[in-house]
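Visitor: I have a structure here, written as structure tokens, and I will follow up with some questions on it.
The values are calculated or read from the model by the stated rules, or taken from the named source; none is laboratory data. Note that the coordinates shown come from a computational prediction; the quantities given were computed from them, not determined experimentally. Because the Cβ atoms are built from the backbone with ideal geometry, glycine has one as well, and the counts that use them run over all protein chains shown. Surface accessibility is based on the protein's heavy atoms, side chains included, excluding ligands, DNA and RNA. Shrake-Rupley method; radii C 1.70, N 1.55, O 1.52, S 1.80 Å.
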Amino acid sequence: MTEFRSRHEAAAADGIGIYGISVDSVFSHGAFAKELGGLPYELIADFERKMVTEYEVRRDDVEGYSGIPRRTVYVIDREGIIRYTWVTSREMPQPDYDLVVEEARKAASL
């Protein structure tokens, strides 16, 4: 989240929107953003877990945490087409942020 925060201004200048989505409540999003020193982009609450289910990143294999998502990054163009996807793995627990921004710039220019 903080890495995208540091890239937000340049991304916005390129016409790229950044959003965070979590299955937590709007209230916990506020506390989370405050804990991080603020975030310049919106956090969307998927409390009913509809998006994580529809985007097929829902996890039900962690006892006591049914419906948590896998950490995932999507680059979606203006038409709603997914142009790039990154899903966390043991080999790559964090995305290549430069690549994500590059793919987002490509999608923004379509």
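Visitor: Could you size up the charge dipole of the chain around its Cα centre, putting +1 on the beta carbon of Lys and Arg and -1 on that of Asp and Glu, and report it in debye to the nearest 20?
Guide: 80
Visitor: Could you do me a favour and compute the accessible area per residue for the chain, 1.4 Å probe, result in Å²?
Guide: In whole numbers, the chain has 70 Å² accessible per residue.
Visitor: Over the chain, what percent of the accessible surface lies on carbon and sulfur atoms, probe 1.4 Å?
Guide: Of the solvent-accessible surface of the chain, carbon and sulfur hold 51 percent.
Visitor: While we're on this one: Using +1 at the C-beta of Lys and Arg and -1 at the C-beta of Asp and Glu, which of 73, 108, 53 has the Cα lying farthest in the positive direction of the dipole of region 52-108?
Guide: In region 52-108, that residue is 108.
Visitor: Of the residues 81, 18, 68, which exhibits the maximal mean-square fluctuation in a Gaussian network model of the chain defined by a 10 Å Cα contact cut-off?
Guide: Sorting by GNM fluctuation, first place goes to 81.
Visitor: Can you give the helix-only mean residue ellipticity at 222 nm for the chain, where every DSSP H stretch with n ≥ 4 adds -39500 (n - 2.57) and the sum goes over all residues, rounded to the nearest 500 deg cm²/dmol?
Guide: Value at 222 nm, helices only, nearest 500: -10500 deg cm²/dmol.
Visitor: Right, another one. Among (i) 12.0; (ii) 13.4; (iii) 7.4, find the value of mean projected area of the Cα convex hull in nm² that was calculated from the structure presented, and write down its label.
Guide: Of the listed options (i) 12.0; (ii) 13.4; (iii) 7.4, (iii) comes from this structure.
Visitor: Report the antiparallel proportion of the DSSP beta bridges in the chain as a percent, rounded to a multiple of 5.
Guide: That works out to approximately 65 percent antiparallel.
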